[in-house]
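The values are calculated or read from the model by the stated rules, or taken from the named source; none is laboratory data. None of the values given here were measured: they were computed from a predicted structure. Cβ atoms come from the backbone with ideal geometry, glycine included; neighbour counts cover every protein chain shown. These accessible areas exclude ligands, DNA and RNA; they are computed on the full protein's heavy atoms, side chains included. Shrake-Rupley method; radii C 1.70, N 1.55, O 1.52, S 1.80 Å.
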Amino acid sequence: MAESVELPSRLGILPFRNKVLLPGAIIRIRCTSSSSVKLVEQELWQREEKGLIGVLPVRDAEAASAGAVLSTGGGTNSGEQSPRVPVESADAHKQDVKNQQELIHWHNRGVAARALHLSRGVEKPSGRVTYIVVLEGLCRFSVQELSAKGTYYTAKVSRLDMTKPELELAEQDPELIMLSRQFKATAMELISVLEQKQKTVGRTKVLLETVPVHRLADIFVASFEISFEEQLSMLDSVDLKVRLSKANELVERHLQSIRVAEKITQKVEGQLSKSQKEFLLRQQMRAIKEELGDNDDDEDDVATLERKMQSAGMPPNVWKHAHRELRRLRKMQPQQPGYSSSRVYLELLADLPWQKASQERELNLRVAKDRLDSVHYGLTKVKQRIIEYLAVRKLKPDAQGPVLCFVGPPGVGKTSLASSIAAALGRKFVRISLGGVKDEADIRGHRRTYIGSMPGRLIEGLKRAGVNNPVMLLDEIDKTGSDVRGDPASALLEVLDPEQNKTFNDHYLNVPFDLSKVIFVTTANRVKPIPPPLLDRMEVIELPGYTPEEKLKIAMQHLIPKVLDQHGLSSDYLQIPEDMVEIVIQRYTREAGVRNLERKLAALARAAAVKVAEQQHTIPLSKEEPPITTSLLDTRLAEGTEIEMEVMPMSVNDHEISNAIRSTSVLIVDEPMLEKVLGPPIFDDRETLERLVAPGITVGLVWTSFGGEVQFVEATTMAGKGELQLTGQLGDVIKESAHLALAWVRARAADLKPSGAGEINLLENRDIHIHFPAGAVPKDGPSAGVTLVTSLVSMFSQKKVRADTAMTGEMTLRGLVLPVGGIKDKVLAAHRYGIKRVILPERNLKDLVEIPQAVLAGMEILLAKRIEDVLEQAFEGGSPWKQQSKL
């Protein structure tokens, strides 16, 4: 028993910061500071089981300086002062604290403790010794004197707890007996409450029956989470009656807090039950209203959603899935996380046009042809293919026709052709841009497991259209990419395949949707980037660039009226003659389409709009009356003065007023106005002539995604070591063509040597540099072979190439000229640049039928089978190389 412990006169003191050890309580502490380690070694480790130490509560200096003087309670030594001494901060129940001297407020009462368990450890790599000690509180003591002993402190103490004879005498007190019974009853009630939540209170019941009440009070209070002040108050309660009263108060308070927590829990559970009850009542109320036929506008949204889903015309398998999801939604509360996503999903299913389709008008091919002609000028072959497509649809409306893919440079009318198809069929038009799309989910949608998931663009477009048979344009299909998120082009394989798109499965929908009724039309600038499996599902229709004559007709019939309408003008205010439009086409725009032409015309319209808005018209009223100007009227209104009405003579009729306004406001575009508004001409007809001023320069024809273009090739020679240098941001194929051209020229140096030159090795002591101007533009392809040979021959022979001649064609090492693609675009580019002669491979003769006769009539097309034929046509007076032997 703790009461039988002999307390020595002096004890080593272990400071216990902001905590209290009560008699009968057991704590585990870790000693790391030098003072506490020294104390444990000398007072406990060396004395083993006989060792005793004093645990004395201490308060931080900050709290002490705040004026908190601790009361010693109602026990003995109540008049003792709490000593303040400088000690080393050795916090035994925490990790290491700073080794510095600070003022600590010691409490004047503590508890003697013995070690139930003691273990020693060494920290690595510092080698510092630490102790883990399990202490049991034995009895209270009072500090009489505090003194230092090395690194730790000792105190002269006197016992405060009663001895065994004194306890036996005190237990006979009726008041103490009553307090003891009251405390045990409250403690037993607390244990009964805790038994419902914890299964480890059996040992507490045993303590309640075996341990004396005065010790039981300390043990119970030590297990509660109470403040430091209340712990000190319990420590200072030496008198048994006071101790039991305080313990009973703390146990009762703890019991009340548990009851309040239980009450709150029951209330929350009751509220949940109430919400479930309200849900059932609402369901019953809805059923009653349906029986009575008293459905008002206040019924819940879920019922509205269900009726909407029933009227959507879903297939049986889709309705089964949707109905299962709807039942799941009914069981959820709106506050649940998945409620919103489930509802959005069901609303999408209800909004999709499962059975709703556009009512097609009866096809009239003549009306469709007239519409195409009114919207698009030229493009005869393309419009004929569209008419054929519509004719098949007229004869067999459910025919699975091919997917049309319009390929051509920007601004030639690919998108407007697709909208014309929709207008001719009487169907809705949906445009989906695929430019820059890299995520497969843009086509197939996201799976619903992801946050922020949404359907793909196809399903979203059908929802927006509201019908299941629109004309859907997949724009810029050649500009899709691929990365770790998937390949959209591969996902389009299912969409554009008539055998597969009947059961298109969007990841978000997770049910099949029939896309077979949708008419898909695609557009692209180039065919090469489109994957071959995807290209195989489409019929490619090429839209070449417009000729200058076609551009002129388009501008006069379509662009100018459109521009004038967009800027609030009419032909009464602005007139652009045909010859001025021709100048804009030739000198300010050289493109395959008409977008830049429209921008230039819009610039002229804006300049005219400024003049019309600023112009102040003067209308003569009569010969005697002074004119009324709008500026005078505006000035008077601005000054706020009164305006007297002036009567216009009847001799001035409306026709004269209109003629007066028209005569003063019409603006006719001329060359000075063009240069003032659009700036100096960007292109010049003399450009080719001016650039071909020296030998070694040749004009080639190339194809780009924006149509055909003219490409100059420049070659020069200099002293060196026989090296070939190529510049102009060239690709591997065009570099190989340059080496091939040089090899052919060197191989023919003996048989076809330049006139006046006797050497065989053309590269002896010299380097060759070939440059393709516009170095910032990447260039590649094999069609520059004949151009490179002609440029090298011109450089070695020092004879200039004809300025009115351009060429294209691939060559072989034996000197054959192979056919190339993009002939129509290349010839049109030469026509735009004013080039009159074009050298083409002989095997490209078949491609000339696609070129308008108006263009061919003004140009000379020269066909070449071998390189010698090209050289014969490229130079004035024939080839500068004299053939010695026939290959």
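A few points about this structure:
- Scope segment 726-745; condition part of a strand (DSSP E or B) and surrounded by 13 or more Cβ atoms within 10 Å (Cβ to Cβ); matching residues: L726, L730
- T727 vs. criteria at pLDDT 85 or above and under 23 Å from T805 (Cα atoms): no
- Take the conditions (1) touching a Lys or Arg at 6+ places or on another chain (Cβ under 8 Å); (2) open to solvent by less than 80 Å² (accessible area, probe 1.4 Å); K369 misses just one of them, which is (2).
- Within segment 338-361, residues that are more than 22 Å from R427 (Cα to Cα) have Cβ atoms under 7 Å from residues that are polar (S, T, N, Q) in these pairs: Y339/Q333, counting only partners at least 6 apart in sequence or on another chain.
- Within segment 102-148, the residues that satisfy the criterion of being of a type in the set (D, E, K, R) and open to solvent by 70 Å² or more (accessible area, probe 1.4 Å) are R114, R120, K124, R128, E145.
- Every residue from segment 233-271 that is of a type in the set (A, V, I, L, M, F, W, C) and in contact with a Ser or Thr (Cβ under 8 Å, 6 or more places away or on another chain): V238, L244, V251, L255
- Hits in segment 771-790 - residues which are exposed (fewer than 15 other Cβ atoms within 10 Å of the Cβ) and in contact with a strand residue (DSSP E or B) (Cβ under 6 Å, 6 or more places away or on another chain): P773
- Scan of segment 396-423 for residues that are touching a helix residue (DSSP H, G or I) at 6+ places or on another chain (Cβ under 7 Å), open to solvent by 20 Å² or more (accessible area, probe 1.4 Å) and part of a helix (DSSP H, G or I), ordered by number: S416, A423
- Count of segment 797-825 residues which are part of a strand (DSSP E or B), within 51 Å of the chain's Cα centre (by Cα) and hydrophobic (A, V, I, L, M, F, W, C): 5
- Residue in segment 292-314 that is modelled with pLDDT of 80 or more, surrounded by fewer than 17 Cβ atoms within 10 Å (Cβ to Cβ) and at positive phi present: yes
- Condition check for Q256 on (1) part of a helix (DSSP H, G or I); (2) under 14 Å from L190 (Cβ atoms); (3) touching a residue at least 24 places away in the same chain (Cβ under 8 Å): one failure, at (3).
- The residues on offer are R328, R385, R393, R427, and the sole one that is open to solvent by 60 Å² or more (accessible area, probe 1.4 Å) and of a type outside the set (F, W, Y) is R328.
- Scanning segment 563-575 for any residue that is open to solvent by less than 10 Å² (accessible area, probe 1.4 Å) and at pLDDT 90 or above turns up at least one such residue.
- Residue match in segment 343-365 (condition: among the hydrophobic types (A, V, I, L, M, F, W, C), open to solvent by 30 Å² or more (accessible area, probe 1.4 Å) and in a helix (DSSP H, G or I)): yes
- Any hit, segment 493-506, residues being more than 30 Å from R595 (Cα to Cα), among the charged types (D, E, K, R) and open to solvent by less than 10 Å² (accessible area, probe 1.4 Å): yes
- Any pair with Cβ under 6 angstrom, 6 or more apart, that starts in segment 152-166 at a residue that is within 13 Å of V5 (Cα to Cα) and ends at one that is assigned to a helix (DSSP H, G or I) and modelled with pLDDT under 75: K164/E3
- Test: residue in segment 864-880 that is surrounded by fewer than 13 Cβ atoms within 10 Å (Cβ to Cβ), in a loop (DSSP other than H, G, I, E, B) and of a type in the set (D, E, K, R): yes
- Contact map, segment 481-499: residues that are farther than 16 Å from G401 by Cα and without any contact (Cβ under 8 Å) to a residue 12 or more places away in the chain paired with residues that are in a helix (DSSP H, G or I) and of a type outside the set (D, E, K, R), Cβ distance under 8 Å, separation 6+ or inter-chain. No pairs are found.
- Selection over segment 439-483 of residues that are in contact with a strand residue (DSSP E or B) (Cβ under 6 Å, 6 or more places away or on another chain) and open to solvent by less than 20 Å² (accessible area, probe 1.4 Å) gives a count of 10.
- Matching entry among T265, T200 (being open to solvent by 70 Å² or more (accessible area, probe 1.4 Å), at pLDDT below 80, among the hydroxyl-bearing types (S, T, Y) and not in a helix (DSSP H, G or I)): T200
- Subset of segment 503-520 that is more than 24 Å from L346 (Cβ to Cβ) and outside any loop (DSSP other than H, G, I, E, B) - its residue that is farthest from the chain's Cα centre (by Cα): I519
- Residue within segment 443-454 that is closer than 30 Å to H323 by Cα, in contact with a helix residue (DSSP H, G or I) (Cβ under 6 Å, 6 or more places away or on another chain) and of a type outside the set (S, T, N, Q) present: yes
- Taking segment 422-456 as the range and being farther than 15 Å from G486 by Cα, in contact with a Leu (Cβ under 8 Å, 6 or more places away or on another chain) and modelled with pLDDT of 85 or more as the test, the residues that pass are F429, V430, R431, I432, P455.
- Residue within segment 158-176 that is assigned to a strand (DSSP E or B), out of contact with any Asp or Glu (no Cβ under 6 Å at 6 or more places or on another chain) and either at pLDDT 80 or above or closer than 29 Å to F224 by Cα (or both) present: yes
- Some residue of segment 661-678 being over 22 Å from Y588 (Cβ atoms) and at pLDDT 60 or above: yes
- Any hit, segment 523-530, residues being polar (S, T, N, Q), open to solvent by 60 Å² or more (accessible area, probe 1.4 Å) and under 20 Å from G411 (Cα atoms): no
- M811 fulfils the conditions (1) in contact with a Leu (Cβ under 6 Å, 6 or more places away or on another chain); (2) open to solvent by less than 50 Å² (accessible area, probe 1.4 Å) except for a single criterion, (1).
- Filtered residue count, segment 17-34, keeping only those that are at pLDDT 85 or above and part of a strand (DSSP E or B): 6
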